[in-house]
Amino acid sequence: MRAVMLEVSSELLEQRRKHGGDRFDEVWEGVLHMVPSPSIRHQHLESKLIVLLSPIAQRRGFIVLPEAGLVDPPRGWNDYRQPDISVVRPEHLSERAIEGRAELVIEILSPNDESRDKLPFYARMRVQEVWLLEPRTYELEVFALREDRYECVEPVLGVMRSRSLDVEVQVLAGPVLRIRDGEHVAEL
């Protein structure tokens, strides 16, 4: 269910902080988005993806992070998103967040989520690629940054090319998500 609160009391914010209810919250141009905790299926898929992608990312000098804030540096914590998974270069990390660019962000879709609405922000932050993944079917949409907007990467013979990781991605019956990195093949 979506809800709009025109004013959020400091007591409610403190209660959410105290009990960890704000862990997935985001701020969009000064507007607080209270995001519910992900489902167990969502969390399980996220953890499997991190295990699968980490060696690929490490071979390229990248780091894979779960639930890290992606901050617009000039606006700081008044404008940030928290993708499910981020693949970043170490030089774009601070102690608390990803400062601007990421090579890849992955959003695992949830009912009524705002993943698609985040695309303009990700483009502004120069995120090179965005994956939107449906957790039940593994249906995958890949968006690659072209200048200042995203273009959908169309599969060729059922295979999508991820330029950010230089891998081939394929969804097979089952569902199975296959990622081919040269001679290395990983599936989940």
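At-a-glance table
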quantity	calculated
All positions within the stretch 175-186 that are loosely packed, with under 14 Cβ neighbours inside 10 Å and either aliphatic (A, V, I, L, M) or touching a residue at least 24 places away in the same chain (Cβ under 8 Å) (or both)	V176, H184, V185
Lone unmet requirement of (1) among the charged types (D, E, K, R); (2) surrounded by fewer than 12 Cβ atoms within 10 Å (Cβ to Cβ); (3) without any contact (Cβ under 8 Å) to a residue 40 or more places away in the chain for R16	(2)
Within the stretch 32-82, tally of residues that are at pLDDT below 95 and hydroxyl-bearing (S, T, Y)	3
Residue match in the stretch 101-123 (condition: of a type in the set (S, T, Y) and at positive phi)	no
Residues of the stretch 53-64 satisfying the condition of being surrounded by fewer than 21 Cβ atoms within 10 Å (Cβ to Cβ) and closer than 24 Å to V35 by Cβ	I63
Selection count, the stretch 22-35, where residues are touching a residue at least 12 places away in the same chain (Cβ under 8 Å) and over 21 Å from L65 (Cβ atoms)	4
Given (1) closer than 19 Å to I56 by Cα; (2) modelled with pLDDT under 95, number of the condition V167 does not satisfy	(2)
Subset tally (residues that are under 22 Å from Y80 (Cα atoms) and surrounded by 12 or more Cβ atoms within 10 Å (Cβ to Cβ)) for the stretch 120-153	19
Those residues of the stretch 154-188 which are under 20 Å from the mean Cα position of the chain (by Cα), more than 19 Å from S86 (Cα to Cα) and not in a strand (DSSP E or B), in sequence order	E154
Residue list for the stretch 91-112, filter: free of Cβ contacts under 8 Å to residues at least 60 places away in the same chain and over 11 Å from the mean Cα position of the chain (by Cα)	E91, H92, L93, S94, E95, R96, A97, I98, E99, G100, R101, P111
Flag for R136 being free of Cβ contacts under 8 Å to residues at least 60 places away in the same chain, of a type in the set (K, R) and outside any helix (DSSP H, G or I)	no
Residues (charged (D, E, K, R), outside any helix (DSSP H, G or I) and within 14 Å of I108 (Cβ to Cβ)) located in the stretch 19-69	E67
Residue satisfying condition, being assigned to a strand (DSSP E or B) and not charged (D, E, K, R), within set V105, V8	V105
Matching option when the condition is touching a residue at least 12 places away in the same chain (Cβ under 8 Å) and surrounded by fewer than 17 Cβ atoms within 10 Å (Cβ to Cβ), among D84, D79, D117, D166	D166
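The values are calculated or read from the model by the stated rules, or taken from the named source; none is laboratory data. From a predicted model like this one, the values you see are computed outputs, not experimental measurements. As a convention, Cβ positions derive from the backbone with ideal geometry for all residues, glycine included, and neighbour counts pool all protein chains shown.
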